[in-house]
Amino acid sequence: MDINAYIASGILELYVAGALSEDENKEVYQMMHKYPEVRQEVLDIEAAIVKLTAATSNIKNADLLQAIKDKLTFNAPDAHTKVISITKPKYNWLTYTGWAAALIIGAGLLWTLNQNQELESNLNTAEIENAYLEEQIINSRSVLADSKKLLNFLRDKDIISVPLGGQGEFANTYAKVYWNKKDNSIYLDAQGLPEAPSGKVYQVWSLKLNPLTPTSLGTIDDFNTDDNKIFAIANANQSEAFGITLEPEGGSETPTMEQLYTLGVVPAPAP
Amino acid sequence: MQLEILISKFQQKDEKAFEKLYRMYSESMHGVIYNIVRDHALAEEVMQDVFIKAWNNANSYSAEKGRFFTWILNIARNAAIDKTRSKTFKNSRKNLDAEYFVDILQHSDSLDDQTDAIGIKKFVSQLAKKCIEVIELLYFQGFTQKEASETLDIPIGTIKTRNRNCIKELRTIVLN
């Protein structure tokens with residue numbers, strides 16, 4: 001190719017003007033790389049055009065560059081944060097995932113803690129129930145022992161059974177005395193008596209009939225709270241009868257006959 | 001080769017490279033823009049837009065497609081012409097048609113010291129009208145060879161050679 005003819009064609013002037021097609025532009029570009037004189041020609045044309053166009057400029061504002069830099073946020077502190085913002089979505093994704101994981105773990109921990117507390121509470125309840133049951137067993141054993149003792153006592157051949165009948169206006173009341181003369185003790189079964197009014201107590205009397213001599217066997221202070229209403233009382237007297245009266249708290253020296261609830265005579269021993 | 005490095009740095013958002021390119025071409029771009037809009041404030045506004053646009057679209061430039069100067073010249077011409085098509089511009093200015101870049105040169109007393117003002121004025125006074133017309137259309141207005149040939153009603157081949165001769169003349173004056 002005749003390079004001088006190529007240069008003289010005027011294509012390079014049009015190249016600088018931007019008046020060529022895309023393909024022509026590529027062709028000139030390749031020619032510039034291939035032939036230094038083509039490249040130099042282009043540079044000279046460009047320099048001349050830059051000078052000519054600059055000559056028509058009467059730019060007065062020297063701060064124009066600064067204004068552009070300000071608009072492009074050069075040298076501004078957020079010029080660099082802008083760059084960071086490209087990676088921000090990644091950062092956010094990680095953060096959100098992290099927070100989500102933390103929340104899930106936190107919720108899991110809370111749930112486990114809650115479960116643990118519930119189990120501990122259940123265990124406590126079970127322990128309390130256990131203790132309560134043990135106590136009941138002990139109670140039952142004690143009751144059983146009491147009952148056996150009572151049964152043994154009642155089965156004793158020397159036992160004298162004395163039924164006490166209701167007296168006067170207390171006719172519907174009753175009681176029973178089991179008396180073991182050998183060990184000087186009686187069991188009073190007072191189930192047939194109503195609850196003692198407040199401030200009053202039942203008092204048990206041993207009686208001699210001829211002449212009528214009452215001897216106090218004591219008051220039953222725990223009558224209202226006792227479960228089986230059976231009371232063990234010591235009795236060393238040669239009793240001929242037993243009676244129960246209602247007396248003021250602390251008991252009386254002699255029985256108040258108006259308040260005599262029950263009375264029973266000891267049967268004569270068999271001949 | 002230095003220009004290629006500068007442009008590559010500019011494309012990598014190097015602020016110093018931007019400044020350097022601005023100093024190289026801003027006056028030239030302003031001349032082209034001013035020639036189209038013929039208003040100082042407007043020309044400055046458009047030029048700001050041009051360099052911001054160049055910065056933001058730096059990666060769309062490729063040396064294979066043409067000179068960097070031509071690329072930014074194209075942005076400048078288009079931005080200025082867009083401005084003249086806006087409604088507010090049309091309302092404020094009506095009569096620009098007959099003016100060429102030479103008017104600015106002939107009527108201006110304050111040409112920048114950096115440019116060879118005397119040389120340019122000499123050139124303009126020596127230039128034939130046919131040169132003024134073809135330079136105006138091809139460089140200042142961004143006409144294609146075909147558009148220029150249609151506007152001036154001369155064959156395409158003639159545009160090419162005439163332009164070549166006019167630029168040759170220009171070079172002898174401004175580049176020694």
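The values are calculated or read from the model by the stated rules, or taken from the named source; none is laboratory data. Small disclaimer: the values here were computed from a predicted structure and weren't measured. All Cβ positions, glycine included, derive from the backbone under ideal geometry; neighbour counts span all protein chains shown.
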(message) Based on this model, can you work out whether B:THR161 counts as surrounded by 14 or more Cβ atoms within 10 Å (Cβ to Cβ) and modelled with pLDDT of 90 or more?
(response) yes
(request) For residues that are out of contact with any Leu (no Cβ under 7 Å at 6 or more places or on another chain) and buried (at least 20 other Cβ atoms within 10 Å of the Cβ), scanning just the stretch A:12-24, find the one that is farthest from B:ARG171 (Cα to Cα). (result) A:TYR15
(message) Within the stretch B:7-27, does at least one residue satisfy the condition of being surrounded by fewer than 22 Cβ atoms within 10 Å (Cβ to Cβ), within 15 Å of the chain's Cα centre (by Cα) and not in a helix (DSSP H, G or I)?
(response) no
(message) Out of A:ILE84, A:ILE159, A:ILE138, A:ILE105, I need the residue that is surrounded by 10 or more Cβ atoms within 10 Å (Cβ to Cβ), of a type in the set (Val, Ile, Thr) and modelled with pLDDT of 90 or more. Which one?
(response) A:ILE105
(request) Those residues that are in contact (Cβ under 8 Å) with a residue 24 or more places away in the chain and either in contact with a Phe, Trp or Tyr (Cβ under 7 Å, 6 or more places away or on another chain) or more than 7 Å from chain A (Cβ to nearest Cβ) (or both), I need them from the stretch B:30-42; list them, please. (result) B:VAL32, B:ILE33, B:ASN35, B:ILE36, B:VAL37, B:ARG38, B:ASP39, B:LEU42
(message) Being β-branched (Val, Ile, Thr) and surrounded by 22 or more Cβ atoms within 10 Å (Cβ to Cβ) is the filter here; which residues of the stretch B:71-86 pass it?
(response) B:ILE72
(request) Scan the stretch B:20-51 residue by residue and report those that are over 20 Å from A:ALA47 (Cβ atoms) and among the charged types (D, E, K, R). (result) B:ARG38, B:ASP39, B:GLU44, B:GLU45, B:ASP49
(message) Can you find, within the stretch B:133-144, the residue that is farthest from the chain's Cα centre (by Cα) among those that are within 11 Å of chain A (Cβ to nearest Cβ) and within 15 Å of B:ASN165 (Cα to Cα)?
(response) B:VAL134
(request) Answer with yes or no whether B:LEU111 is within 10 Å of another protein chain (Cβ to nearest Cβ), at pLDDT below 85 and either buried (at least 19 other Cβ atoms within 10 Å of the Cβ) or in contact with a strand residue (DSSP E or B) (Cβ under 8 Å, 6 or more places away or on another chain) (or both). (result) yes
(request) Sort out which residues of the stretch B:50-75 are at the interface with chain A (Cβ under 9 Å from one of its Cβ atoms) and either assigned to a helix (DSSP H, G or I) or modelled with pLDDT under 90 (or both), and write them in order of number. (result) B:PHE51, B:ILE52, B:TRP55, B:ASN56, B:ALA63, B:GLU64, B:LYS65, B:PHE69, B:THR70, B:TRP71, B:LEU73, B:ASN74
(request) Looking at (1) touching a helix residue (DSSP H, G or I) at 6+ places or on another chain (Cβ under 8 Å); (2) modelled with pLDDT of 85 or more; (3) at the interface with chain B (Cβ under 10 Å from one of its Cβ atoms), find the lone condition where A:LEU43 falls short. (result) (1)
(request) Pull up the stretch A:1-32, narrow it to residues that are more than 10 Å from every other protein chain (Cβ to nearest Cβ) and part of a helix (DSSP H, G or I), then point me to the one that is nearest to the chain's Cα centre (by Cα). (result) A:ASP23
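Residues checked against (1) in contact (Cβ under 8 Å) with a residue 12 or more places away in the chain; (2) within 54 Å of the chain's Cα centre (by Cα); (3) under 29 Å from A:VAL143 (Cα atoms):
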| site | (1), (2), (3) |
| --- | --- |
| A:LEU207 | yes, no, no |
| A:ASP221 | yes, yes, yes |
| A:ASN224 | yes, yes, yes |
| A:ASP227 | no, yes, yes |
| A:ILE230 | yes, yes, yes |
| A:ILE244 | yes, no, yes |
| A:THR262 | yes, no, yes |
(request) Scan A:ASN228, A:ASN224, A:ASN237 and give me the residue that is of a type outside the set (Asp, Glu), over 17 Å from A:ALA175 (Cβ atoms) and out of contact with any Pro (no Cβ under 7 Å at 6 or more places or on another chain). (result) A:ASN237
